[in-house]
1. Could you tell me whether the stretch 64-72 includes any residue that is over 20 Å from residue 25 (Cβ atoms), more than 11 Å from the chain's Cα centre (by Cα), exposed (fewer than 12 other Cβ atoms within 10 Å of the Cβ) and not hydrophobic (A, V, I, L, M, F, W, C)?
2. Kindly provide the set of residues from the stretch 1-50 that are at pLDDT 90 or above, farther than 15 Å from residue 75 by Cα and surrounded by 12 or more Cβ atoms within 10 Å (Cβ to Cβ), ordered by number.
Amino acid sequence: MNDDAQPSESIDAAPSKAPVATMIAPVVAFGATFVARKVLSSAYRSVTGSDAPSHNDRSVPLGKVIAWAALSGATAAVIEVVAFRAAARFFGE
């Protein structure tokens, strides 16, 4: 090992997470996801004339249920990422 090597940054110097952002972001993500699912369900109802597919309703084809689950799950994942990043940026993380 080279004795002239500079020591790496200390672990104590690493930026810490803003505790407010860590507490607020999940709440914001949950609320935004709730609203987005309501909007998606309403849009589905207005376009198709029927309620969004439910995993409990066996009369709905499996393909529709899987497509709806993929769409709503992807929407929720995007909203979660945006909420966490926005909270981190807002609280200076």
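The values are calculated or read from the model by the stated rules, or taken from the named source; none is laboratory data. Remember, predicted model here, so these are calculated numbers, not experimental data. Positions of Cβ are backbone-derived with ideal geometry, glycine not excepted, and every protein chain shown enters the neighbour counts.
1. The answer is no; no qualifying residue exists.
2. The one that is at pLDDT 90 or above, farther than 15 Å from residue 75 by Cα and surrounded by 12 or more Cβ atoms within 10 Å (Cβ to Cβ): 45.
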